Amino acid sequence: MTGAAILVSLLALLPLAFTSWAAIRTGWGTAAALIFRARVGELLVNTTLLIALAVPISTALAIVLAWLTERSDLPGARLWAWLVVAPLAIPAFVHSYAWVSIIPGLHGLFAGVMISTLAYFPFLYLPIAAALNRLDPALEDSAAALGLSPLRVFIRVVVPQLRLAICGGALLIALHLLAEYGLYGLIRFDTFTTAIMDQFLSTFNGPAAYMLANVLILCCLALLATEAAARGDERYARIGPGAARMPRRAKLGRAAPFCLLLMAAVTLLAVGVPLITLARWLIVGGAGIWRLDQIGAALGETVLLAGIGGILTTLAATPMAWLSIRAPNRLQRLLEATNYIVGAVPGVVTALGLVTIVISFAPFVYQTIVTVVAAYVVMFLPRALISMRASIAQAPVELEQAACSLGRSPMQALWAITVRLAAPGAAASFALVGLGITNELPATQMLAPNGVQTLAMVFWSFSTELDYAAAAPYAMIMVLFSLPLTSLLYMYSKPAASR
Amino acid sequence: MNLLELQGIRRRYGSVTALDGVDLSVAADSCTAVVGPSGSGKTTLLRIIAGFDAADAGRVVLDGEILTDGTKAVPAHRREIGYVAQDGALFPHLSIAENIGFGLPRRDPGRDARIAELIRMVDLDPAVLGRRPDELSGGQQQRIALARALARRPRLMLLDEPFSALDTGLRAITRQAVARVLRAARITTILVTHDQSEALSFADQVAVLNEGRLLQVGAPRDLYLRPRTPMVAEFMGEAIVLPARVGAGFADCALGRVPVDDCERQGAAHIVLRPEQVKFAEVGEKDLQHASTGYFGKVVEVDFGGSVCSVRVRLLDGTGEIDAHSPPLRLIAASIETPRLGAIVRITVVGQAHVFPLDARS
């Protein structure tokens, strides 16, 4: 197991290592010339502003919405909670597609921040709502007894307790913003990822693309370091025995209509606009846009890639997940950290590294399914790892031992007990990875074999040709695929009592 | 005839010695309890016998077959040893019937009959067979775990603190039920526990383990009445350990002249009395003044415990004052005859005191 885990980690590190090595090989003079130029500065400003604006706005929005759905007597709180999570079922580039097809002139930083916030804020809402739910109300009661007003209790006691949730969600959103391609491509807002894609797809300028990729890697590491520092090492677990009471809900009173209005507005912008636009294009397009042969082919190829990628990624994550539950040690923690860093790196960088490796060492697999699936495994390994770890934890070693004492050989015990108990987690891992692949665009664009067109790719080519009606069926299929998983995500974030 | 022989079992985890040369014989059709404080190595010992863990040195011989010899070991699934874990370790994804039948061949025509027989054996309603483990109470889960382990008619049954997760009332009932089932099936059993009363009531042979070594092995009554060291004495129950001068079958100690179980010993020694051997009765101040003989004490603490009370008594010296040199005695009395706080009591000793062997050190 250890050997397998090391092998997987090293393979996952390869694309990153090659991108860095390509930069070193270029030589300092060329590298400096490629890095210190106006274009890189412009991209850096764009990316920084995007993150510096979209993440705090999302955080504020998520805290307000989470408080309203979890801690206030807002009418229909359960329904609103579902609607607030619903934007996650719509791929980011479909959000962008909807907005740009309503307002064709939409572009630049403002559009980028707005659509990013609408598409990604549920990533912050989910952990914050879960944390608010789990918070011990005794803390707030104590603070009130010490003379703090409700608002000051919220700011001094509740918000600090949300720190881990906010840090985790903010990091996730920031990493998505760095890696996102389709959303910004459609509104012509340049980030490092779109610039690398342009370099790659139009005039393949190797050294320039590598330099951009390396700056992107540095941005990514800076985000990880910022999050680690902001998270701190305070203790947030509940102190003391027993179970916490259910928190009570605040009365909104006369503010209720305004709160409902806010909810309705957010839902309209984040769910209504994409779905209404999509419906409108489907109606406008009529029967003509349902070219079943083309849709069927794209669907088949997507399901094939998602299936193979899901299985291989889950298999690749298994040794590491096994070690982290059954034999945790320093080496395993190092390997795990490596994988999270590799997984945090945007897909374009991974794809670029893989292209380089393949062209240099195994040109015969270039533009075959092998390369694109390899990229998926590297990109989605952390998702699989989280699910697999939880699922292996479902099967403690004591159960395997009990099976052995009942006459099963170790392999039979593994099969009869651990594999069966871990199966739901493995299925979740498969689904998470498969969905990620279905909605993946940049790496697929760069690496997919000639002639292979996934749903996302066909959608993208129609959208960029401004044939919004023809793109609509593909967007709809992707939304339908994402729905079950989004509801799963929502249910997992809720404590058992409300399920 | 001995069914199981352990010879010089050693096991180290890094710098920690879990087992430091354990020798133990277990007779066929008997029940042995291994007791010791937590961290004494008792679970490690059980896991080595079961084959879940390997020894660094030593041999495990079952019915003439060598199961473990140094680091060479027969794997757990070929040992035919039953094992019941602390929390039962029922398979959560299988029904109760599938759990019990797990060790039985799937095509065995007598499989269902055997499962029904086992569920009756552990005194449970056959209606539970279709349920899932999480729908059963803790005590029921333990009985199912026992039935599952019994299904294959193991040569030896290992019980790893199987009652410790149950609450007090249920613990005694489940323990008695399990003991009955195992005796009826004539299965040799080793029970690991940190609860001395459980060990005394359950086993024919008790082994006291501390820091990886066996301090004493013997019948429950022997361990209780004739412990080899003060540590064993205190582990097996409340003990009054006193320094004494021994000679001619008597000991002179803080409680006067007491007969002892060792007529040969001479000179200084430590003796042990059990609280129930020390009787005390309340007396008036006058009795104390007029008494020329006898030993008196003053009640300094009364701890009400329902049917019996624990009473702390300080001995009085010749002048009627508390003797600062003698330690307080912790005695027990039936609740209805418990003296009041501050009462003066006359103390007498019933039966013989036990003299610790010469070489015993704590």
Among residues of region B:217-253, those that are of a type in the set (G, A, S), without any contact (Cβ under 8 Å) to a residue 24 or more places away in the chain and not assigned by TED's automatic domain parsing to the domain that holds B:L6, counted: 3
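Let's see how each residue does on (1) more than 12 Å from chain A (Cβ to nearest Cβ); (2) under 27 Å from the mean Cα position of the chain (by Cα); (3) surrounded by 15 or more Cβ atoms within 10 Å (Cβ to Cβ):
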{"site": "B:Q86", "(1), (2), (3)": "no, yes, yes"}
{"site": "B:N99", "(1), (2), (3)": "no, no, yes"}
{"site": "B:R114", "(1), (2), (3)": "yes, no, yes"}
{"site": "B:D125", "(1), (2), (3)": "yes, no, no"}
{"site": "B:V128", "(1), (2), (3)": "yes, no, yes"}
{"site": "B:R132", "(1), (2), (3)": "yes, no, yes"}
{"site": "B:S137", "(1), (2), (3)": "yes, yes, no"}
Filter result for B:S38 (surrounded by fewer than 14 Cβ atoms within 10 Å (Cβ to Cβ) and within 22 Å of B:L191 (Cβ to Cβ)): yes
First in region B:23-45 and among the charged types (D, E, K, R), second anywhere and surrounded by 16 or more Cβ atoms within 10 Å (Cβ to Cβ) and part of a loop (DSSP other than H, G, I, E, B), Cβ under 9 Å, 6 or more apart: B:D29/B:I187; B:K42/B:G36; B:K42/B:E161; B:K42/B:H194
Residue in region B:190-204 that is more than 14 Å from the chain's Cα centre (by Cα), surrounded by 14 or more Cβ atoms within 10 Å (Cβ to Cβ) and closer than 22 Å to B:G103 by Cβ present: no
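Quick grid of which residues meet (1) at pLDDT 90 or above; (2) farther than 28 Å from B:D53 by Cα; (3) not assigned by TED's automatic domain parsing to the domain that holds B:V61:
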residue	(1), (2), (3)
B:A97	yes, yes, no
B:R111	yes, yes, no
B:D123	no, yes, no
B:R152	no, no, no
B:F163	no, no, no
B:L166	no, no, no
B:G169	no, yes, no
B:I187	yes, no, no
Members of region A:47-87 found to be farther than 17 Å from A:A256 by Cβ, touching a Phe, Trp or Tyr at 6+ places or on another chain (Cβ under 7 Å) and of a type outside the set (A, V, I, L, M), listed by number: A:T47, A:S58, A:W82
Those residues of region A:391-446 which are outside any helix (DSSP H, G or I), under 19 Å from B:A76 (Cβ atoms) and of a type in the set (D, E, K, R), in sequence order: A:R408
Residue list for region B:63-84, restricted to those being surrounded by 22 or more Cβ atoms within 10 Å (Cβ to Cβ) and either within 14 Å of another protein chain (Cβ to nearest Cβ) or touching a residue at least 60 places away in the same chain (Cβ under 8 Å) (or both): B:L67, B:A76, B:R79, B:I81, B:G82, B:Y83, B:V84
Count - residues of region A:447-457 that are crowded, with 23+ Cβ neighbours inside 10 Å, part of a helix (DSSP H, G or I) and of a type outside the set (G, A, S): 2
Number of positions in region B:45-57 that are buried (at least 20 other Cβ atoms within 10 Å of the Cβ), out of contact with any helix residue (DSSP H, G or I) (no Cβ under 7 Å at 6 or more places or on another chain) and more than 14 Å from chain A (Cβ to nearest Cβ): 1
Hey, A:L488 part of a helix (DSSP H, G or I) and over 28 Å from B:F102 (Cβ atoms) or not: yes
Region A:386-415, subset out of contact with any Leu (no Cβ under 9 Å at 6 or more places or on another chain), small (G, A, S) and closer than 24 Å to A:A316 by Cα, residue nearest to the other protein chains (Cβ to nearest Cβ): A:A393
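Among the residues of region B:68-90, write down those that are farther than 22 Å from B:D167 by Cα and touching a Pro at 6+ places or on another chain (Cβ under 9 Å).
To start, the set of residues in region B:68-90 that are farther than 22 Å from B:D167 by Cα comprises B:68-82.
Matches in region B:68-90: B:P75, B:A76, B:H77, B:R79, B:E80, B:I81, B:G82.
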Enumeration of residues in region A:76-111 that are touching a helix residue (DSSP H, G or I) at 6+ places or on another chain (Cβ under 7 Å) and either farther than 30 Å from A:T438 by Cβ or free of Cβ contacts under 8 Å to residues at least 40 places away in the same chain (or both): A:A77
Helices (runs of 4 or more DSSP H) within region A:1-103 that include 3 or more residues crowded, with 20+ Cβ neighbours inside 10 Å: A:2-26, A:38-71, A:77-85, A:92-102
Number of the condition not met by B:V300 [criteria: (1) out of contact with any helix residue (DSSP H, G or I) (no Cβ under 7 Å at 6 or more places or on another chain); (2) in a strand (DSSP E or B); (3) under 26 Å from B:L223 (Cβ atoms)]: (3)
Leading residue by the ranking (modelled with the highest pLDDT) among those in region B:326-362 that are surrounded by fewer than 16 Cβ atoms within 10 Å (Cβ to Cβ) and among the small types (G, A, S): B:G351
In region A:417-435, the residues that are buried (at least 19 other Cβ atoms within 10 Å of the Cβ) and within 8 Å of chain B (Cβ to nearest Cβ): A:I417, A:L421
Residue in region A:472-488 that is farthest from A:A279 (Cα to Cα), counting only those that are at pLDDT 90 or above and buried (at least 20 other Cβ atoms within 10 Å of the Cβ): A:M478
B:D261 acidic (D, E), surrounded by fewer than 16 Cβ atoms within 10 Å (Cβ to Cβ) and within 25 Å of B:M236 (Cβ to Cβ): yes
Meets criteria (under 20 Å from A:Q401 (Cα atoms), at pLDDT below 90 and away from every other protein chain (no Cβ under 13 Å)) for B:K42: no
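The values are calculated or read from the model by the stated rules, or taken from the named source; none is laboratory data. Note that the structure is predicted; figures quoted are calculated from it, not measured. With ideal geometry, Cβ positions are generated from the backbone for all residues, glycine too; neighbour counts draw on all protein chains shown.
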